[in-house]
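Here, each number is a calculation from the coordinates, and none is a lab measurement. What you are looking at is a predicted structure, and each value in this text was computed from that prediction instead of being measured. Please note: Cβ atoms are built from the backbone with ideal geometry, for glycine as well, and neighbour counts cover all protein chains shown.
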């Protein structure tokens, strides 16, 4: 049974509501006001007994030599310690950010010719490379990262590894090519995450050429490696981050590839960089028309229970990767926090006893 306070009072907007696994223990908190009344009664009775002494000095001694507030602070701390103990017994839970069990991240990076454009300084490719390197530096050392480079085709530039130097070298070796195959990038990334699943881009393309053009990738003839689909985003051991500045011009349909990822529970975070409305970019004697297909990138992210990010500048791109780093290495979970309340109660009890011993030579 999970208990919340929403049924009894209007909780402030934006503030997490406390909840408890054993809410029946919260009724014990009603004993605290009774303890306060008992303490006040004891103090009043103590004063009445003190005035019976004939000597005024004895009365002052009975009432205490130190300031009045010192007499009440240790019992107040002890009361707070008891309250923390009772709350701990109700087993409170809270949504906290904890280290994720994400073990593998695939960076699928566009290396098509349009990445030479200088609308993102110094150019799109260098900005993407620099942001990716910063991303690698901020990741925990135990997270494996793989690199997939794609243009007219897609290939693994670096198998998943924890060696950051190998990853940086792979990023520095990018060579620009023509065309953009975003769907191929997703398929190759999935094949890298599941090397024994039999995901082969060449075979998928061949099946489509033989008559599968009207069917989605997951409607192809049954294979020996057939699997049972899982809910989108449910696979928490790996994720894909795909960065591109153009729309698909060749290869597998990216939405079909996104369905493959969704059926395997793998999230595909998409990052768009470049011109949304489209522009003509010319270099080395030839020109090309490029347009960022935001709609498709958003659908890919939505189908796989991930998110889409747009980066219009180099600084935006670094912020996107920083956000992704935090999202992939930290995840919010509902966690029992009874131990924190128990620890607070123990510290308050120690403080109450310590102050009483220091000031009055006795423990309460």
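Taking the number of Cβ atoms within 10 Å of each Cβ as an exposure proxy, the fewest-first ranking of 327, 178 is 178, 327.
Counted residue by residue at 0.36 nm each, then reduced by the alpha carbon distance between them, the extension gain from residue 319 to residue 339 reaches 3.7 nm.
Sorted from fewest to most neighbouring beta carbons within 10 Å, what does the list 136, 176 look like? Mind dumping the intermediate values first?
Values: 136 20, 176 15.
Arranged by neighbour count, lowest to highest, 136, 176 become 176, 136.
Once you have a ≥ b ≥ c as the square roots of the Cα gyration tensor eigenvalues for the stretch 74-203, tell me rounded if a/c is under 1.5, and otherwise prolate or oblate according to whether a/b is larger than b/c. Numbers along the way, then the final one.
Working: a/c = 3.50, a/b = 2.34, b/c = 1.50.
Here the stretch 74-203 falls in the prolate category.
Of the residues 300, 105, the one with the fewest other Cβ atoms within 10 Å heads the list, and the complete ranking is 105, 300. Treating r as the C-beta distance of residue 176 and residue 38 and R0 as 56 Å, the FRET efficiency rounds to 0.10. Annotation for residue 302 and residue 30: the two label points, set 7 Å from Cα along the Cα-Cβ direction, are 5.1 nm apart.
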